[in-house]
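FYI, it's all coordinate maths here, none of it is from the lab. Bear in mind that the values here come from a model prediction, so they are computed numbers and not experimental data. When we count neighbours, we look across all protein chains shown, and the Cβ atoms used for this are built from the backbone with ideal geometry, even at glycine.
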Amino acid sequence: MNKPRPIGTDTLVGDILRQYPALRVKVAELFGPDCVSCRSNRHETVTYTSWHKGLDPEAVVRALNDALKAK
């Protein structure tokens, strides 16, 4: 049985930044530094932002959860 991940494709980018401040650098690395301070991150999911940046949402979720485990 798969363990639920703390961050999913439907998680808001702003929620990630608030709940896991240690991931700010990883979010900036994946989505660009402007995404960390953009007010829209409060309304945009990982899926939306990934597609907007040309990234695979599942790969982004894996990268964020792996970075979270490493912290």
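Here the Karplus curve 6.51 cos²θ - 1.76 cosθ + 1.60, taken at θ = phi - 60°, turns the phi angles of region 65-71 into couplings of 5, 5, 5, 5, 5, 6, 7 Hz, with x standing for Gly and Pro.
Does region 13-70 come out rounded, prolate or oblate, given a ≥ b ≥ c as the square roots of the eigenvalues of its C-alpha gyration tensor, rounded meaning a/c under 1.5 and, failing that, prolate meaning a/b above b/c?
Working: a/c = 1.57, a/b = 1.08, b/c = 1.46.
Oblate, because a/c is 1.5 or more while a/b does not exceed b/c.
Label-to-label distance for Gln19 and Ser40 is 2.3 nm, based on points extended 7 Å past Cα in the beta-carbon direction. Spatially close Lys pairs in the chain, defined by Cα atoms under 21 Å apart and a spacing of eight or more places or different chains, total 5. Candidates His52, Cys35, Ala67 compared by Cα position along the dipole of the chain: farthest toward the positive end lies Ala67, with charges placed on Cβ. Helical content alone sets the calculated 222 nm signal of the chain at -16000 deg cm²/dmol, taking -39,500 (n - 2.57) per DSSP H segment of four or more residues and averaging over every residue.
Packing-based ranking of 30-36, 54-60 yields 30-36, 54-60, ordered from highest to lowest mean Cβ neighbour count within 10 Å.
Placing unit charges on the Cβ atoms only, positive for Lys and Arg and negative for Asp and Glu, gives the chain a dipole magnitude near 280 debye about its Cα centre.
How high is the relative contact order of the chain? Use alpha-carbon pairs under 8 Å, at least six apart in sequence, and give a whole percent. Intermediate results must be reported in sequence, preceding the final value.
Numbers: 71 pairs, mean separation 28.7, N = 71.
Computed over the chain, the figure is 40 percent.
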